[in-house]
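Reviewing the structure listed below.
The values are calculated or read from the model by the stated rules, or taken from the named source; none is laboratory data. What you see is a predicted model; the values in this text were computed from it and never measured. Cβ placement follows ideal geometry from the backbone for every residue including glycine, while neighbour counts extend to all protein chains displayed.
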Amino acid sequence: MPPRRHPLKQPFLIIPLYIYPAATAWEPLFLAVCSHSSLDFVIIVNPANGPGAGSTPDENYLAALERLSLLPNTKIIGYVYCSYGERTLTEIVQDIETYRAWDIQAPSLRVDGIFFDEAPASSEHVNYMSDMASAARKTLLPAREQYSQVPAIIIYNPGIFADQEFYHSADYIVVFENKLEAWDSSYVRQNLETLPAELLARSVAIAHSAKDLGVQLRFGEHATLHVGLAGHFATAVSDYAEWCCNWGEYVRWADKLLHKMA
């Protein structure tokens, strides 16, 4: 199964950015991105459990996303939920078309791909997700031709290890999203051991509720340096609606790790 062709330096940071951009709320992100230009940031934006109803986000989102779009080491990925296979293609395409409309209404804003949350993991939904991925690439392609010849980035997030057939249509799959302590479970170890190296290189791990910075760093090092995952993120908070107190330290460490692995 050939790897997807995206100019992302691995390992990259994948950031579920579910923080409303009021005033200086996104400044920790801008500071990190600008201070670590060699590190790629894959940023999941989620204005309203998806793009929201309007053809553009509100003024605060618009200003923050336009600023983010100017930074070359960022990929802006729109959030779309799948309800584990219960949501229809029509409903999902409507969300994708709204992200496409952002590019039309605000040409200085870019959307680099789609993050399919609550993605199903069983083989019976392989065609379902393939249809979603095809729709996303087709819908976003006209906008992306304005600023890139690289196709839209497609990320599935079942939060667990999915049937390997899903890698035929996804660029990356989030194989772990859980409390960080669950990373050491037998379920995770067994699946990491059986997943081929070429698919590990297209897999991502996201951990929350970390006890301290040391635990976060050990998780990131194991997931990337030892296992070979493409992307990682660990936070001490239980959700993604606020910045972790260790955010700056984690990013600095991730940048050093990138150079160590180069």
- Item | Which numbered condition ASP255 misses (of (1) in contact with a His (Cβ under 9 Å, 6 or more places away or on another chain); (2) within 21 Å of SER35 (Cβ to Cβ); (3) of a type outside the set (Gly, Ala, Ser); (4) buried (at least 18 other Cβ atoms within 10 Å of the Cβ)) | (4)
- Query: Within the range 59-75, how many residues turn out to be touching a Phe, Trp or Tyr at 6+ places or on another chain (Cβ under 9 Å) and among the charged types (D, E, K, R)?
  - Reply: 2
- Query: Does ARG110 satisfy being basic (Lys, Arg), in contact (Cβ under 8 Å) with a residue 40 or more places away in the chain, in contact with a helix residue (DSSP H, G or I) (Cβ under 6 Å, 6 or more places away or on another chain) and closer than 19 Å to ILE14 by Cα?
  - Reply: yes
- Residues (in a strand (DSSP E or B) and in contact with a helix residue (DSSP H, G or I) (Cβ under 7 Å, 6 or more places away or on another chain)) located in the range 209-262: HIS232, ALA234
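Return yes when GLU86 is modelled with pLDDT under 95 and either more than 15 Å from TYR18 (Cα to Cα) or surrounded by fewer than 22 Cβ atoms within 10 Å (Cβ to Cβ) (or both) and no when it is not.
no
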- Message: Filter the range 166-207 down to the residues that are charged (D, E, K, R) and either out of contact with any Pro (no Cβ under 7 Å at 6 or more places or on another chain) or under 21 Å from ASP239 (Cα atoms) (or both) and list them by number.
- Response: ASP171, GLU177, LYS179, GLU181, ASP184, ARG189, GLU193
- For residues that are surrounded by fewer than 21 Cβ atoms within 10 Å (Cβ to Cβ), of a type outside the set (Val, Ile, Thr) and over 21 Å from ILE206 (Cβ atoms), tally how many sit in the range 101-118. 6
- Can you name the residue in the range 221-239 that is farther than 15 Å from ASN178 by Cβ and either buried (at least 22 other Cβ atoms within 10 Å of the Cβ) or β-branched (Val, Ile, Thr) (or both) and, of all such residues, is nearest to the chain's Cα centre (by Cα)? GLY231
- Query: Which of the residues that make up the range 67-83 are surrounded by 14 or more Cβ atoms within 10 Å (Cβ to Cβ) and not aromatic (Phe, Trp, Tyr)?
  - Reply: ARG67, LEU68, SER69, LEU71, ASN73, THR74, LYS75, ILE76, ILE77, GLY78, VAL80, CYS82
- Message: Just checking, does the range 118-137 include any residue being of a type in the set (Val, Ile, Thr), more than 22 Å from PRO57 (Cα to Cα) and at pLDDT 95 or above?
- Response: yes
- Task: Identify the single condition in (1) small (Gly, Ala, Ser); (2) assigned to a loop (DSSP other than H, G, I, E, B); (3) more than 21 Å from ILE173 (Cβ to Cβ) that ALA119 does not satisfy, given that it satisfies every other one.
- Result: (3)
- Query: For the range 174-197, does any single residue satisfy the condition of being at pLDDT 95 or above and closer than 18 Å to ASP40 by Cβ?
  - Reply: yes
- Message: Restricting to the range 162-196, count the residues that are closer than 22 Å to VAL126 by Cβ and either of a type in the set (Phe, Trp, Tyr) or assigned to a strand (DSSP E or B) (or both).
- Response: 9
- May I ask you to list pairs of residues, at least six apart or on different chains, whose Cβ atoms are under 6 Å apart, with the first in the range 64-78 being more than 21 Å from PHE116 (Cβ to Cβ) and the second being of a type in the set (Phe, Trp, Tyr)? ALA64/TRP26
- Which of the residues that make up the range 199-215 are out of contact with any strand residue (DSSP E or B) (no Cβ under 9 Å at 6 or more places or on another chain) and not aliphatic (A, V, I, L, M)? LYS211, ASP212, GLY214
- Item | From VAL150, VAL126, residue being farther than 27 Å from HIS222 by Cβ, assigned to a helix (DSSP H, G or I), in contact (Cβ under 8 Å) with a residue 40 or more places away in the chain and not polar (S, T, N, Q) | VAL126
